[in-house]
Structures are given as structure tokens and as C-alpha cells.
Amino acid sequence: MVTLTIDGKQVTVPEHTSILDAARSVNINIPTLCFLRDINEIGACRACVVEIEGIDQLVAACNNTVLDGMVVRTNSPKVRMARKANVEFLLSQHDSECTSCVRSGNCTLQTVANDLGITSLPYTKHLPHQPWNQDFPLIRNNDKCINCLRCIQVCEKVQAEGIWDLTNRSSHTCVGVRGGGLIEDSDCALCGQCITHCPTGALRERDDTDRVFDALADPEKIVVVQVAPAVRTAWGEPFGLPREKATAQRLVTALKGMGFDYVFDTDFSADLTIMEEGSELVEHLKHPEGVKFPMFTSCCPGWVRYCKARHPRFTDQLSTSKSPGQMFGAIAKSYYAELLGVDPHRIFCVEIMPCLAKKAEVDIPVLNDACGDPDVDVSLTVREVDRMIRAEHIDVFSLAETDFDQPLGTATGAGVIFGATGGVMEAALRSAYYLVTGENCDADAFKDVRGLDGWKEASFDIAGTTLRVAVASGLGNANRLLNALEAGEVSYDFVEIMACPGGCSGGGGLPIHDGEELAGVRGDVLWGLDRVAKLRRSHENPAIQAVYRDYLGAPLSERAEELLHTNQHA
Ligand code: HC1
Ligand code: SF4
């Protein structure tokens with residue numbers, strides 16, 4: 001252990017602790033901008049500089065470690081002056097139009113500058129004004145970039161992508177697409193992790209809220225919205241609504257208040273996905289001749305994009321089942337249009353997702369099987385929906401609870417857990433067991449695939465057949481798993497991959513909390529909802545049973561193949 005003094009307080013911490021962590025251990029907060037634990041500890045922004053007795057130069061607290069007897073001052077006049085000058089320098093190349101910035105109120109640069117009392121700048125601004133394709137789901141505005149390098153590091157180290165790099169030289173140095181190409185020509189998976197790890201408004205999603213407001217105002221349109229599993233864990237965060245109050249049912253009330261005609265649950269179609277994907281797996285296991293294993297889940301469009309771009313040899317092993325979001329759209333504009341007795345072209349289908357890649361998925365031209373229109377018209381991130389709630393001046397603290405509309409609002413616990421890493425696998429196995437044996441297993445029989453580890457493995461016995469499965473979340477972990485598969489070091493029958501660390505609960509479309517990783521806490525909400533659900537297996541969902549009985553026939557039937565499967569993955 002090492003004992004030192006920070007701002008007059010004696011602190012004892014383990015050796016090799018950073019000054020930043022030592023200070024935080026006694027509630028002394030040193031501001032940071034570029035720091036991301038284990039990912040970006042480069043001391044580039046100089047916001048965390050501190051003074052150490054006996055040393056002339058100020059040092060960065062994030063990447064310098066404590067020494068016995070050290071005397072540190074985190075907020076001395078010398079520190080404050082240097083920190084202020086460093087941040088003013090960053091602001092000299094920053095578009096500080098906070099009133100028109102999506103991160104206003106949740107921007108670390110804004111907070112640090114405000115805390116330092118910066119009210120004017122001694123510099124003339126030189127902004128890079130780099131052009132960007134505003135139609136692409138991921139928007140970069142380098143006028144707001146502070147070259148903290150977090151996006152470069154997250155994309156490369158966590159997501160094994162390496163889309164970003166420093167480009168240009170000297171004072172023109174800025175972050176751009178590696179190699180100088182266009183983002184739309186890059187292999188970006190659209191996981192959105194660079195957005196959720198950006199400390200400013202330099203990265204954001206394309207805003208599609210006006211398209212939804214326009215649809216809501218159009219009397220000809222029947223506007224249907226579906227709420228993805230992970231959304232219910234996080235939508236209330238920016239309002240400070242406690243997790244137990246921020247239920248899906250309160251979000252239903254908010255959405256109804258905005259004018260949505262029908263509010264449904266993607267968990268319903270997650271159950272449908274399980275029926276199709278589980279049946280696909282069971283068919284492969286029954287007739288393995290000519291089948292390549294493992295079969296991969298395909299519900300995460302970030303993973304599908306990554307697979308196609310970086311590991312194309314596995315694309316024909318992706319399940320042909322569409323994602324729950326897309327299945328929902330196809331069912332809404334066919335089965336549900338028939339139930340309502342309306343022209344399916346009048347239905348405008350919105351999805352609320354914790355995801356950026358879904359914006360690209362809904363625009364895939366062939367995903368139009370219900371009536372020729374896109375099955376899903378607009379995909380909104382949770383951040384966009386929260387902005388809509390604010391724009392409508394809805395008081396989230398006084399919302400009553402309203403149930404989802406029926407019948408596309410009935411779901412089981414298996415549908416809920418899709419939003420946490422391992423959940424799709426577990427849901428699929430609960431129903432695969434039934435499809436093979438005709439009996440229900442214990443709903444927790446496959447719980448070995450839960451947890452936040454980036455790459456999990458398990459083996460299960462189903463009616464005398466051993467099923468070897470793996471689950472990976474985060475593209476870096478997926479990359480390791482795929483490389484091991486290619487090298488023949490591992491072999492599996494069924495693999496779940498989610499692009500974002502922790503699965504959709506860590507999704508790139510969720511509210512941003514700088515420096516905090518909340519996938520675990522949010523995922524626990526979903527596992528808790530599953531635990532108390534009356535029905536926990538997709539095949540038990542009465543609304544799903546009704547769709548098959550009245551409309552689709554059976555899983556993998558001709559109509560089911562037509563509406564719920566796609567060859568776009570391969
Ligand atoms: Fe997901 Fe999925 S779980 S991909 O993470 O399969 O986005 O929440 O909606 O479609 O159901 C996301 C979440 C989501 C789909 C489902
Ligand atoms: Fe990289 Fe994901 Fe950002 Fe694309 S969205 S640049 S893959 S971190």
C-alpha cells in the first residue's frame with residue numbers, strides 16, 4: 001500500500017493506483033475529458049492536471065501513479081490557471097453552439113468549462129468544417145470534436161473495427177475515417193459505441209424525430225410503435241426517473257400521449273423470432289447433412305454488418321430469421337392490418353430501439369415483405385424518443401401506467417431477456433427443448449449463459465444430444481471467437497453474438513452517462529422481469545399461438561418463410 005496526501009487529506013491506496021483514482025477514493029473529483037478507464041488513459045486533454053510538491057511541471061492525474069509520501073494539490077491556483085487555459089484552448093477549436101447541440105446538458109466539455117468559470121474566450125476560433133453525409137445514421141461533426149481520441153480507441157480496442165483515425169497534420173489534425181474515405185464506404189458496424197463514449201456532441205445519431213412527428217400529424221396514417229426489450233431499462237434515465245418507476249407501461253402512456261395509435265411490444269415478436277429461429281436450429285440438428293455449424297443468431301444488425309464486412313465466410317451460417325423488430329413490422333402490415341381491416345399502406349411502423357444499426361436495417365430494400373412498403377418505416381434511438389418526450393412537455397413523473405395494446409403486446413419472459421447478453425440463447429434453448437422433447441424444461445435450466453463476460457461457453461444435454469453453445473457481446477469479443485472458430489480451436493452448434501458490450505442493454509442508442517457502463521444494471525432489470533413473468537417460454541405466448549393458428553400455420557411454413565425470413569444476411 002502507498003500513503004500520500006491529496007489536498008491535505010491522507011490517503012492510503014494500493015501501489016500502481018493512478019492519482020485520479022486515489023483522489024476519487026476520498027471523494028476528490030478531478031475533471032477529465034479524454035479519460036476512459038482501460039481504454040483511453042493517454043492524458044491528452046490536460047483537464048486532469050495536478051500539482052505535485054517538489055515537481056515544477058504539472059502532471060496528468062489519469063496516467064500517473066501514486067508514490068509513498070507524495071503531496072498532491074488538485075485545485076491550487078497554479079492548477080486552476082493551467083486547467084482553465086487548457087480547456088480554453090480546446091474551446092478555441094470547438095463549436096460552442098450549445099443551444100442547438102443534442103448533448104447540451106449532458107456534455108462533459110460543457111460541464112468542465114462551466115465549472116472552471118469560463119465565460120469568454122481569448123482566442124479566435126478556427127473550426128475545421130468537414131463535410132459529412134447527413135443521411136448516414138452516424139453523424140460526425142468535427143467542429144465539436146476535441147481530439148480526445150476516445151472514439152478511435154473504443155472502436156479499435158473494444159469493437160475491433162478501427163474505423164476512426166487521426167487525419168491531417170499540425171493544427172489541421174482531426175479525427176476522421178481511417179484512410180480518408182467516406183463513412184458510408186467504411187466497414188462501420190453502426191454499433192454506436194463511439195457515440196456513447198464521446199464526451200461532447202461530435203458524434204450523434206441521425207435525427208429522425210421529425211419524420212415521426214409528421215406521421216403522427218397525418219390523419220391518413222395509422223401510426224404503430226413497438227418498444228424493444230432493452231428500452232424499458234433505460235428510457236427514464238435522462239429524466240432522473242428511478243428505474244422502478246421507468247416501466248414500459250409508463251412509456252406506453254407517454255407514447256399514447258404523443259398520439260401513437262397503437263403501442264406494442266417488440267418482446268412479442270422476440271417470442272416469434274424464437275419460434276422461427278428455434279425451429280431452424282432444431283431442423284439443422286435433425287438434418288445436419290450439408291449444414292455448416294455453428295448457426296449464428298442474426299437479430300443484431302450491428303453484428304450482421306460486422307460479419308458481412310469482416311468475417312464473410314460465416315454469413316451463410318447466420319440464421320435466416322429476421323430480427324424481432326423486422327418481424328414485428330412484417331406482422332403489423334399483414335396480420336394486424338387484416339385484423340384492423342385496413343389497407344396496410346396506411347400503417348406507419350415506428351420502432352424504438354437501444355440501437356443505431358437498426359436505422360440502417362429498416363432501410364434495407366428487401367425488408368418489405370408484408371406489402372411492398374418498408375416493414376418498419378422509422379427506427380428511433382431511445383435518445384430520440386426522450387427528446388420527443390421533452391418536446392411534448394410530458395411530465396414523466398406523473399405518468400400513470402398503461403398496458404401495451406393487444407394482441408401484439410403480449411410477451412413472455414423469454415422475449416424480455418433478448419435485451420441482455422445471453423438472453424437470445426437462453427430464450428431459444430427454452431423453446432428448442434420443448435420442440436425436441438414435447439416437454440417444458442425448468443425455465444432457468446440454461447442460466448449458465450447469463451452474465452457480462454464477453455465470451456461465454458456452455459454445453460447442454462437436450463434429449464441425449466449435447467448442444468455446445470457460445471455467447472459473445474462486443475465486436476472485439478466476437479472477433480476473438482470467430483478467429484478461434486476459423487482456426488479450429490473451438491467448435492459450437494449455436495452462437496449468439498451482440499455487437500454492443502453487454503448486449504442491447506449496453507446499446508449505442510441508449511442514454512449517455514459519460515464514464516459509466518450500465519449494461520449490467522440495465523440487464524438485471526430484464527432478468528428480474530423474466531423471473532416474475534407468468535410465462536417464460538416463447539411457445540407458451542397465447543398471442544404467438546394465435547398468429548400461427550390463424551395466420552402463419554406453423555413455424556417455417558411457406559407464409560412464415562415469406563414474411564419472417566430473409567436472405568439478406570448471406
Ligand atoms: Fe435488441 Fe432485438 S434484443 S436486437 O438487442 O433481437 O436493438 O432491446 O430490439 O430486433 O427483441 C436492440 C434490444 C431488440 C431486435 C429484440
Ligand atoms: Fe466504430 Fe461502432 Fe462507431 Fe462504427 S459505430 S465507428 S463500428 S464504434
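The values are calculated or read from the model by the stated rules, or taken from the named source; none is laboratory data. Quantities reported herein were computed from a predicted structural model and do not represent experimental measurements. Neighbour counts are summed over all protein chains in view; Cβ atoms, including those assigned to glycine, are modelled from backbone coordinates with ideal geometry.
Here are a few things to note about the model shown:
- For segment 188-210, the candidate set comprises residues that are of a type in the set (S, T, Y) and away from ligand 1 (no atom under 16 Å from the Cβ); within that set, the residue that is nearest to C299 (Cα to Cα) is T209.
- Tally of residues being assigned to a loop (DSSP other than H, G, I, E, B) and crowded, with 24+ Cβ neighbours inside 10 Å across segment 150-161: 2
- The residues listed here are V396, V362, V376, V350; of these, the one that is more than 22 Å from N567 (Cα to Cα) and surrounded by 23 or more Cβ atoms within 10 Å (Cβ to Cβ) is V350.
- Among the residues examined, I195 does not qualify as crowded, with 16+ Cβ neighbours inside 10 Å, farther than 25 Å from Q110 by Cα, within 16 Å of ligand 2 (Cβ to nearest atom) and within 20 Å of the chain's Cα centre (by Cα).
- Of everything listed in (1) outside any helix (DSSP H, G or I); (2) closer than 22 Å to R522 by Cβ; (3) touching a residue at least 40 places away in the same chain (Cβ under 8 Å), the single unmet condition for D373 is (2).
- Residue list for segment 162-195, filter: in contact (Cβ under 8 Å) with a residue 40 or more places away in the chain, part of a loop (DSSP other than H, G, I, E, B) and not small (G, A, S): L182, D187, C188, L190, C191
- Looking across Y262, Y306, one residue alone is hydroxyl-bearing (S, T, Y), buried (at least 20 other Cβ atoms within 10 Å of the Cβ) and either at pLDDT below 95 or over 24 Å from the mean Cα position of the chain (by Cα) (or both). It is Y262.
- Residue in segment 538-555 that is within 16 Å of ligand 1 (Cβ to nearest atom) and charged (D, E, K, R) present: no
- Filtered residue count, segment 427-457, keeping only those that are farther than 27 Å from N477 by Cα and loosely packed, with under 15 Cβ neighbours inside 10 Å: 4
- Residue check, T412 touching a residue at least 24 places away in the same chain (Cβ under 8 Å), among the polar types (S, T, N, Q), touching a helix residue (DSSP H, G or I) at 6+ places or on another chain (Cβ under 7 Å) and within 14 Å of ligand 1 (Cβ to nearest atom): yes
- Residue match in segment 332-355 (condition: hydroxyl-bearing (S, T, Y), closer than 27 Å to T410 by Cβ and in a strand (DSSP E or B)): no
- Strands (runs of 3 or more DSSP E) fully within segment 1-108 that include at least 3 residues being surrounded by 15 or more Cβ atoms within 10 Å (Cβ to Cβ): 2-6, 49-52.
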